[in-house]
Amino acid sequence: METIERTRRSLDVFSDKDKKLHVLTKFLLNQELNIKDTESYGDVCYLKKVAGDGTKILVGTRPTTTFHVGQKLVLYKILGRYLHLDCTVEQDKGDNQYILVLDKIAIAKKDRESSRLSVPPGSVWITNIISSKAKIETDMFLVPTAVKVSFEDYENKLHGTCDFIKISTFASDDPEKIRRVKLTKKTLLIEDTQNKESYETAPTEDFLVYSEEIDSDFQQEMNQFRNQKVISELILPVLYLNDDDESIPIGYIQMQSKSEKFDLVKAMETKTLTFEMVDRIRHSNLVKVEGKYPVLDISEGGIKVKIDHPDLLQSLPKLSGFHFDIFFKMQSPLTAFGMIKSIQKDQEGFLTVGLSLAGHSSRQGEKKRFLENVEILRKQIGK
């Protein structure tokens, strides 16, 4: 099973032999241990014996679970804190018993905020998954086609409103002033291209000061504008809020005028236009998938869910998180946003996705109702 861990636990490794033996014999001997990253979710083995020096253990498995010599395994158990055993299969003893070499034993540095609860089939599921078709990034200048189409449409719509307008994604060979707009996420306004003060001041801190933040000699820029008969220039970044709630620059609007001077009001009007463009891009980049996807385990802070929809199998590994509705049996849905913490892919290509609940809908009492449902489920299973 292929596993992608988005976040790693902070672990303390046991190096002292006596401490290892104490943990193995006092807390784990004759106990059920979870096997990480198996094809059958929730697969376990049983710790039957511990070598005197704590370097090897004997485990028993279910008839449906088999190991092979040389196989690397991760066993774990939650005892307030997460206990983690890295093992290598040394010998197959027959009758579903194996000797494992204990390569490492470690414990999480802090307690779990809430313990996971295995969910009975059909009790909890998610649906109405709303996710991005593509992750919008700019580091490698790779931007989805929907962004470029939107830029072209708005550029055509605004053609004729000034002497020159360009709405474009960033490119590696952009002039320095455009690269600075991308880097700082600030607007560049040159109200009067032939006035030195326009290069040495800015209306607010959200605007670039040309002489301080751009290395190019502004005198050369003045001469070039004069030759082109350009009297004013405005360059704004187009900022997109991604799945991580980070503001990223995906493009820019560049406007030049030979007849009127741009001012702060013009800059604000154009900035409003960038919001409109981003809303359109966001809408075109979203996809809603219905279906019914079972929750395998749940806690007050997260869920683990099985995904088999072909589109989601392709898109989710590229994303940071997504919105969805979560259903508890016989209850109305709750809307939430989950950050992807881990993804496991089985032999069929289906995904087991670990989600940390980063937010609930703005409807009053949503989070409280979620916690109440988890507590009811915990009590039902504990009976």
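The values are calculated or read from the model by the stated rules, or taken from the named source; none is laboratory data. None of the values given here were measured: they were computed from a predicted structure. Reconstructed Cβ throughout: ideal geometry from the backbone, glycine too, with neighbour counts over all protein chains shown. Areas reflect the complete protein model, heavy atoms only, side chains present, ligands, DNA and RNA absent. Shrake-Rupley method; radii C 1.70, N 1.55, O 1.52, S 1.80 Å.
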Inset, instruction - For the range 177-243, report the accessible area per residue in Å² (1.4 Å probe, heavy atoms, rounded to an integer). - result: 51
Legend entry - Inverse of mean 1/r across different Cα pairs in the range 10-101, Kirkwood, Å: 13.4
Inset, instruction - Mind telling me which of T274, T352, T184 comes out most flexible in a GNM of the chain, alpha-carbon contacts under 10 Å? - result: T184
Legend entry - Viscosity 0.890 mPa s, 25 °C: Kirkwood-radius Stokes-Einstein D of the range 181-300 over Cα pairs, µm²/s: 147
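Applying 1/(1 + (r/R0)^6) with R0 = 35 Å to the Cβ-Cβ distance of V265 and D173, what FRET efficiency is obtained, to the nearest 0.05?
Efficiency at R0 = 35 Å is approximately 0.60.
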Inset, instruction - Work out the count of Lys pairs in the range 142-215 where the Cα-Cα distance is under 22 Å, with the pair 8 or more places apart or on different chains. - result: 15
Inset, instruction - Keeping the other protein chains in place, figure out the carbon and sulfur percent of the accessible area of the chain, with a 1.4 Å probe. - result: 48
Inset, instruction - Could you give the size of the charge dipole of the chain about its Cα centre, using +1 on the Cβ of each K and R and -1 on the Cβ of each D and E, expressed in debye and rounded to the nearest 20? - result: 2020
Inset, instruction - Give the cross-link partners of K93 among the lysines, using a straight C-alpha distance below 23 Å as the criterion and excluding same-chain residues fewer than 8 apart. - result: K36, K48, K49, K56, K72, K104
Inset, instruction - Report the FRET efficiency, 1/(1 + (r/R0)^6), for K49 and S115, where r is their Cβ-Cβ distance and R0 is 25 Å, rounded to 0.05. - result: 0.35
Legend entry - Compactness relative to 2.2 N^0.38 Å, alpha carbon Rg of the chain: 1.37
Legend entry - Cα-derived Rg over Rh, computed across the range 142-222 with Rh taken as Kirkwood radius: 1.00
